[in-house]
Amino acid sequence: MGQIITLTAQDGHRFSAYEAGQQNPYALVVLQEIFGVNDHIRAVCDEFAAQGFHVIAPALFDRAAPDTVLGYDRAGVDAGIALRAQIPLEKTLLDLTASALALKHKKIGIIGYCWGGTLAWEAACKLDIFTAAVGWYGAGIAAARNQTPNCPVELHFGGEDHSIPHMDVTAIRDAQPGIEIFVYDDAQHGFGCAARPSFNPDAYALAQQRSIAFLESHLRV
């Protein structure tokens, strides 16, 4: 089990974060979906902590509405999209930097889901503090596919994810031939979240195994 901590970004913004696995050898920033740092994201952090990671998951909605946690329904999706639109990317990147610095490790990874998957890609390309980045079903990656990442990246998509068309994944592959991209044929958007109807335990298990192996290979000191 982890704990809630408070961090301060370079611009003075104070935000909460969930921290777990403080004594572990690998360092990882975990990025939320558009539903906040909820029970699912805390469970993700706890699972990574059990696998040897020191994890911090910043509450990225705190810049617009502190302590926001949303439901996995249409109202929750709409509210999350509205909150996301209120927070400039450059401000979120400040929060990611503060989270990484708080880990106090030589090598730091980042992994994100949904909105967080896109943010993991943006962080890999716009920041130089991360040693490895993993994105799960990041719908905004295709639009930003021509950026140059500053660290190794691994991406995971669902083959039945209607919010991320196959042509988007193909476009990312074409723009980034050096990036390993996995597609899980029967998986929908959110296949890694047990709280959602789209949860696919087989796709989750394989994507998690691949993500951990990728992160460990790059974060070893």
Item to check | Given (1) touching a Lys or Arg at 6+ places or on another chain (Cβ under 9 Å); (2) more than 26 Å from Ile129 (Cα to Cα); (3) not small (Gly, Ala, Ser), index of the condition Tyr184 fails | outcome: (1)
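Of the residues Glu180, Glu154, only one is touching an Asp or Glu at 6+ places or on another chain (Cβ under 6 Å) and crowded, with 16+ Cβ neighbours inside 10 Å; which?
Values: Glu180 fails: crowded, with 16+ Cβ neighbours inside 10 Å.
Testing whether each residue is touching an Asp or Glu at 6+ places or on another chain (Cβ under 6 Å) and crowded, with 16+ Cβ neighbours inside 10 Å leaves just Glu154.
Please go through region 6-15 and give me each residue that is farther than 14 Å from Asp67 by Cβ and in contact (Cβ under 8 Å) with a residue 12 or more places away in the chain, ordered by number.
Within region 6-15, the first condition is being farther than 14 Å from Asp67 by Cβ, and the residues that meet it are 7-13.
Across region 6-15, the qualifying residues are Leu7, Thr8, Ala9, Gln10, Asp11, His13.
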Checklist entry - Exactly one of (1) of a type in the set (A, V, I, L, M, F, W, C); (2) over 19 Å from Ile56 (Cβ atoms); (3) modelled with pLDDT of 95 or more; (4) over 15 Å from the mean Cα position of the chain (by Cα) is unmet by Ala195. Its number? => result (3)
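Kindly indicate whether Lys91 is surrounded by fewer than 18 Cβ atoms within 10 Å (Cβ to Cβ), touching a helix residue (DSSP H, G or I) at 6+ places or on another chain (Cβ under 8 Å), in contact (Cβ under 8 Å) with a residue 40 or more places away in the chain and over 18 Å from Cys45 (Cα atoms).
On the way: surrounded by fewer than 18 Cβ atoms within 10 Å (Cβ to Cβ): yes; touching a helix residue (DSSP H, G or I) at 6+ places or on another chain (Cβ under 8 Å): yes; in contact (Cβ under 8 Å) with a residue 40 or more places away in the chain: yes; over 18 Å from Cys45 (Cα atoms): yes.
It is true that Lys91 is surrounded by fewer than 18 Cβ atoms within 10 Å (Cβ to Cβ), touching a helix residue (DSSP H, G or I) at 6+ places or on another chain (Cβ under 8 Å), in contact (Cβ under 8 Å) with a residue 40 or more places away in the chain and over 18 Å from Cys45 (Cα atoms).
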Next on the checklist: Between Ile111, Ile81, Ile87, which is aliphatic (A, V, I, L, M), part of a loop (DSSP other than H, G, I, E, B) and either modelled with pLDDT of 95 or more or out of contact with any Pro (no Cβ under 8 Å at 6 or more places or on another chain) (or both)?
Outcome noted: Ile87
Next on the checklist: Need pairs with beta-carbon distance below 7 Å; first residue closer than 19 Å to Ser217 by Cβ and within region 40-52, second in a helix (DSSP H, G or I) and of a type in the set (A, V, I, L, M); sequence gap 6+ or separate chains.
Outcome noted: Gln51/Ile212
Item to check | Test: residue in region 38-45 that is buried (at least 17 other Cβ atoms within 10 Å of the Cβ), of a type in the set (D, E, K, R) and touching a helix residue (DSSP H, G or I) at 6+ places or on another chain (Cβ under 7 Å) | outcome: no
Next on the checklist: Here's a check for you: in region 17-60, which residue that is under 14 Å from the mean Cα position of the chain (by Cα) and part of a helix (DSSP H, G or I) is farthest from Arg74 (Cα to Cα)?
Outcome noted: Phe48
Checklist outcome for this item: Checked pairs for region 59-81, first hydroxyl-bearing (Ser, Thr, Tyr), second assigned to a helix (DSSP H, G or I), C-beta under 9 Å and 6 or more apart or across chains, list as Thr68/Phe61; Thr68/Asp62; Thr68/Ala79; Thr68/Gly80; Thr68/Leu83; Tyr72/His40
Checklist entry - What are the residue pairs meeting all of these: first residue in region 196-221, first residue over 15 Å from Ala43 (Cβ atoms), second residue of a type outside the set (D, E, K, R) and modelled with pLDDT under 95, Cβ atoms under 7 Å, and 6 or more apart or on different chains? => result none
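Per-residue answers, yes or no, for (1) among the aliphatic types (A, V, I, L, M); (2) over 19 Å from His13 (Cα atoms); (3) in a strand (DSSP E or B):
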| residue | (1), (2), (3) |
| --- | --- |
| Thr97 | no, no, no |
| His105 | no, yes, no |
| Gly116 | no, yes, no |
| Ala124 | yes, yes, no |
| Asp128 | no, yes, no |
| Gly138 | no, yes, no |
| Ala143 | yes, yes, no |
| Asn146 | no, yes, no |
| Leu155 | yes, yes, yes |
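The values are calculated or read from the model by the stated rules, or taken from the named source; none is laboratory data. These numbers come from a predicted model, not from an experiment. Note that we place each Cβ from the backbone using ideal geometry, even for glycine, and neighbour counts take in every protein chain shown.
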